[in-house]
Amino acid sequence: DPVMMFRIMVLQALYSMSDDQAEFQIQDRLSFMRSLALGLGDRVPDAKTIWLLREHLTQARAVENLFARFDKHLTKA
């Protein structure tokens, strides 16, 4: 789910987490699972999946644009 993956990137930015740390914390914290709309039985993306998404977005030069649009949305709200 692209929205969930972007949410993971937001959590990583907020908490300065590596991909491995993000995978662990998502599995460990119910608050992170809730913010990602994951249930207890849902699969959590592994560190490699998180890395691959960021790598694809970086190659497409889309990371900065995504976060700028997100920031604009938050400011507007």
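What follows draws every value from the coordinates through simple rules; no lab data is involved. Quick caveat: nothing in here was measured; it's all calculated off a predicted structure. Heads up, the Cβs are rebuilt from the backbone with ideal geometry, glycines too, and the neighbour counts pull from every protein chain shown.
In the range 1-22, what residues are more than 16 Å from E64 (Cα to Cα), assigned to a helix (DSSP H, G or I) and of a type in the set (G, A, S)?
Listed by number, the list holds a single entry, A22.
Within the range 42-77, track down each residue that is of a type in the set (D, E, K, R) and in a helix (DSSP H, G or I).
Across the range 42-77, the qualifying residues are K48, R54, E55, E64, R69, D71, K72, K76.
For the range 60-77, which residues satisfy the criterion of being loosely packed, with under 10 Cβ neighbours inside 10 Å and not small (G, A, S)?
R61, H73, L74, T75, K76 - these are the residues of the range 60-77 that are loosely packed, with under 10 Cβ neighbours inside 10 Å and not small (G, A, S).
Restricting attention to the range 32-58, which residues are under 20 Å from L74 (Cα atoms) and exposed (fewer than 15 other Cβ atoms within 10 Å of the Cβ)?
Within the range 32-58, R34, A37 meet the criteria.
Within the range 23-41, how many residues are outside any helix (DSSP H, G or I) and either out of contact with any helix residue (DSSP H, G or I) (no Cβ under 9 Å at 6 or more places or on another chain) or more than 15 Å from M5 (Cβ to Cβ) (or both)?
The number of residues fulfilling the criteria is 4.
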